[in-house]
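As structure tokens, the structure follows; a few thoughts come after it.
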Amino acid sequence: MRRRILSAVLGSMLVAGVAQAETVNLGITQIVEHPALDASRQGALDELAERGYVEGDNLEVDFQNAQGDTSIAAQIARKFAGDRPDLVLAISTPSAQAAASALQDDTPIVFTAVTDPLIAKLVSDMEAPGANITGVVDAPPLQAQLQLIRDMFPEAKRLGVVYNPGEANSVSQAEKLNAMAPELGFELVEVTASRTSEVMGAARSLAGRADAIYVPVDNTVVSALESVLKVGYDADIPVFTGDNSSVERGALASLGFSYYDMGRQTGAMIADILGGEKAGDLPVGTVEKLELILNRDAAEQIGYEIPAEFEEQAVEIFE
């Protein structure tokens, strides 16, 4: 009897030892570091931790930042193709495109902060992505955001938009904005910046040509958001953004979703795949909860008093 008990105990210890020794290797590729993308990454890691995958314990994370350079994103993807992690989290469209191109094997890819995976050719079907990829989209509620600008500034006629023509997400948003703007009485004034160093010049060209500025979900422009904000403050032009995290940095307002919450949703998807689900079988997820965020200091900078009705609707107001 004692021998059987000892064998059982040793067997349990062996199984536990194997379980503890198992470590999940997660590769993370991110096009650039800025608050929105960083929040989505943290959200994913926090969700994984809640589900038992703890960084430094049984989760090894290899985080790679492409510094806003698509050629570096391609190098990172090739590195992961050689390293063969258990799963790759691709944050942003350029990073996801690079990963999808380099990892055409059984390594699962989960993307996040991708606005239109169909246009980016990451998936051909949102409900059944197929292959080794799925993820969560950050498509901004453009119609609702334009309506917010119209409601807060009824007299505005010309809406300036700054975006990178090299980002598939941004081009898609610009096309949709062009279709929606006339319905709300806006004339769209488009300016482009292919790199962060060009954002200031593009924004300056809107002074005197735009009554309000809208910054879409664009990694290049959001990375250099302070340049757009300076132009807005100097010319008394309100700056609205497609992502809520930019309001804390100085934009006047945004009606969007939390990138951190999107990251949590992405983390849940990663956990499901690590638990045995196939990436290609999981439908692409969307974030539906919208929040109004305001910045009183930004309003003061341009001599605007935020109407009480908007402050009552806001879930957060920065001073």
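The values are calculated or read from the model by the stated rules, or taken from the named source; none is laboratory data. All of these numbers come straight from a predicted model, not from anything done at the bench. For neighbour counting, all protein chains shown are included, and Cβ atoms are generated from backbone atoms with ideal geometry for every residue, glycine included. Please note that ligands, DNA and RNA were not included when accessible areas were found on the heavy atoms of the full protein model with its side chains. Shrake-Rupley method; radii C 1.70, N 1.55, O 1.52, S 1.80 Å.
General remarks:
- Listed by position, the helices (runs of 4 or more DSSP H) contained in segment 82-192 that have at least 1 residues being in contact with a Phe, Trp or Tyr (Cβ under 6 Å, 6 or more places away or on another chain), open to solvent by 40 Å² or more (accessible area, probe 1.4 Å) and within 19 Å of ALA279 (Cβ to Cβ) form an empty set.
- Residue match in segment 31-44 (condition: more than 16 Å from TYR259 (Cα to Cα) and either modelled with pLDDT under 95 or not small (Gly, Ala, Ser) (or both)): no
- Strands (runs of 3 or more DSSP E) within segment 225-319 that include 2 or more residues buried (at least 19 other Cβ atoms within 10 Å of the Cβ): 239-241, 253-256, 291-295
Okay, residues lined up against (1) basic (Lys, Arg); (2) out of contact with any Cys (no Cβ under 9 Å at 6 or more places or on another chain); (3) outside the structural domain of ALA90 (by the TED database); (4) under 28 Å from ILE31 (Cα atoms):
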residue: PRO129; (1), (2), (3), (4): no, yes, no, yes
residue: ASN132; (1), (2), (3), (4): no, yes, no, yes
residue: GLN145; (1), (2), (3), (4): no, yes, yes, yes
residue: ARG150; (1), (2), (3), (4): yes, yes, yes, no
residue: GLU155; (1), (2), (3), (4): no, yes, yes, no
residue: ARG158; (1), (2), (3), (4): yes, yes, yes, no
residue: ASN169; (1), (2), (3), (4): no, yes, yes, yes
residue: LEU177; (1), (2), (3), (4): no, yes, yes, yes
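- The numbered conditions (1) closer than 24 Å to GLN313 by Cα; (2) among the aliphatic types (A, V, I, L, M); (3) assigned by the TED database to the domain that holds ALA90 are all true for VAL239 except (3).
- Only residues that are within 21 Å of PHE186 (Cβ to Cβ) and surrounded by fewer than 18 Cβ atoms within 10 Å (Cβ to Cβ) were counted in segment 196-211, giving 5.
- In this entry, SER254 is excluded by the filter for residues that are touching a residue at least 40 places away in the same chain (Cβ under 8 Å), more than 20 Å from ASP151 (Cα to Cα) and touching a helix residue (DSSP H, G or I) at 6+ places or on another chain (Cβ under 9 Å).
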